[in-house]
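> Structure incoming, see below.
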Amino acid sequence: MQKNGSILTAEHLNLYYGDKQALSDVSISIPPNRVTALIGPSGCGKSTLLRCFNRLNDLVEDVRIEGRILFEDGDIRGPDCDIVALRKRIGMVFQKPNPFPSSIYDNVAYGPRVHGVRSRERLDAIVQESLKKAALWDEVADRLDDSAMGLSGGQQQRLCIARTLAVEPEVILMDEPCSALDPIATSKIENLIDDLKEGYTVVIVTHNMQQAARVSDYTGFMYLGRLVEFGPTARIFENPQEELTNNYVTGRFG
């Protein structure tokens, strides 16, 4: 934990895709065991910022990043950072469910196996525990050997969350995890996010302001690559300090 009480901090972050600047001087501190939402219009840099936190932008051609990102006091952009270990500790759930074309069991066991767990007894325990934490165990306990591709979209997304939880991360990044789901599946994911903050730090990108208001403790509003305002969710929505934030949350633009 960092001295300022945050688990993850970006300092003066600038990011360029070739000549195009996607993030401009972004500084933000993510509090532990809370849900932080990033909101703003399409193309404002929300997902780009999220992907900086576990260095997924490194995979993008012609990307250039300036600034620091501290995770428990270490700079994740420093030369000593082990990226595989980092992505184990800071997991990612994507917009579209992306289960592997294998069994439900093997999807959840994949990460632990990659990290050296070989005992079937241990894997069984990890799979069961992860599926329970992802609120999916009761629905799939008797068909773990079935293909994950046979699950509904909402179940697939919860399976992807279970797969992330199986390697025991400290932070879970979620990039619009409900955008491809129906209202009932969305409600289940939102309830799950509320449960997860007991043991994890969650950062969620959402285009849905009502969702941000429902699930998050803190909200950051982004516009044109800048972090315009950040604070407790209730204040951002009810008493924003910036006119631009007020115009966005009251629907005057977006």
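> Answer yes if at least one residue in the stretch 180-187 is among the acidic types (Asp, Glu), surrounded by fewer than 22 Cβ atoms within 10 Å (Cβ to Cβ) and within 29 Å of ARG55 (Cβ to Cβ), and no otherwise.
no
> Here is a further query. Quick one: would you say GLU139 is loosely packed, with under 13 Cβ neighbours inside 10 Å, modelled with pLDDT of 95 or more and over 15 Å from the mean Cα position of the chain (by Cα)?
The answer is no for GLU139.
> Further question: If I filter the stretch 3-24 for residues that are over 19 Å from the mean Cα position of the chain (by Cα), closer than 16 Å to GLU229 by Cβ and in contact (Cβ under 8 Å) with a residue 60 or more places away in the chain, do I get at least one hit?
yes
> For the stretch 125-142, enumerate the residues that are in contact (Cβ under 8 Å) with a residue 60 or more places away in the chain and not in a helix (DSSP H, G or I).
The answer is ALA135, and nothing else.
> Ok, one more. Only one residue in ASP19, ASP25 is surrounded by fewer than 16 Cβ atoms within 10 Å (Cβ to Cβ), more than 24 Å from PRO112 (Cα to Cα) and either at pLDDT below 95 or among the aliphatic types (A, V, I, L, M) (or both). Which one?
Residue meeting the stated conditions: ASP19.
> Condition test on LYS96, is it modelled with pLDDT under 95, surrounded by 16 or more Cβ atoms within 10 Å (Cβ to Cβ) and not acidic (Asp, Glu)?
When the stated conditions are applied, LYS96 does not pass them.
> Just for strands (runs of 3 or more DSSP E) wholly inside the stretch 1-100: which have at least 1 residues that are charged (D, E, K, R)?
Those strands (runs of 3 or more DSSP E) span 8-17, 20-30, 63-71.
> Does ILE28 satisfy the criteria of being among the β-branched types (Val, Ile, Thr), closer than 15 Å to THR201 by Cβ and free of Cβ contacts under 8 Å to residues at least 24 places away in the same chain?
Here the answer is no, as ILE28 does not meet what is asked.
> Quick check on the stretch 152-170. Is at least one of its residues surrounded by fewer than 21 Cβ atoms within 10 Å (Cβ to Cβ) and among the charged types (D, E, K, R)?
Yes, the stretch 152-170 contains a residue that is surrounded by fewer than 21 Cβ atoms within 10 Å (Cβ to Cβ) and among the charged types (D, E, K, R).
> Identify the residue in the stretch 188-228 that is among the polar types (S, T, N, Q), touching a Pro at 6+ places or on another chain (Cβ under 9 Å) and crowded, with 23+ Cβ neighbours inside 10 Å and, among all such residues, is nearest to MET92 (Cα to Cα).
THR206
Let's see how each residue does on (1) under 25 Å from VAL228 (Cβ atoms); (2) at pLDDT below 95; (3) of a type outside the set (Phe, Trp, Tyr); (4) surrounded by fewer than 20 Cβ atoms within 10 Å (Cβ to Cβ):
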| site | (1), (2), (3), (4) |
| --- | --- |
| THR48 | yes, no, yes, no |
| GLY67 | yes, no, yes, yes |
| CYS81 | no, yes, yes, yes |
| PRO101 | no, no, yes, yes |
| ASP124 | no, no, yes, yes |
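> Give the residues of the stretch 143-173 that are polar (S, T, N, Q) and assigned to a loop (DSSP other than H, G, I, E, B), sorted by residue number.
SER152
> Of everything in the stretch 145-185, what is at pLDDT 95 or above, hydroxyl-bearing (Ser, Thr, Tyr) and within 24 Å of ILE39 (Cα to Cα)? Give them in sequence order.
Residue satisfying the conditions is THR164 alone.
> Give the residues of the stretch 206-253 that are among the aliphatic types (A, V, I, L, M), at negative phi and in contact with a Gly (Cβ under 9 Å, 6 or more places away or on another chain), sorted by residue number.
Once the filter is applied, which keeps residues that are among the aliphatic types (A, V, I, L, M), at negative phi and in contact with a Gly (Cβ under 9 Å, 6 or more places away or on another chain), the stretch 206-253 yields MET209, MET222, LEU227, VAL228, ILE236.
The values are calculated or read from the model by the stated rules, or taken from the named source; none is laboratory data. These numbers come from a predicted model, not from an experiment. Every residue, glycine among them, receives a Cβ derived from its backbone with ideal geometry; neighbour counts consider all protein chains shown.
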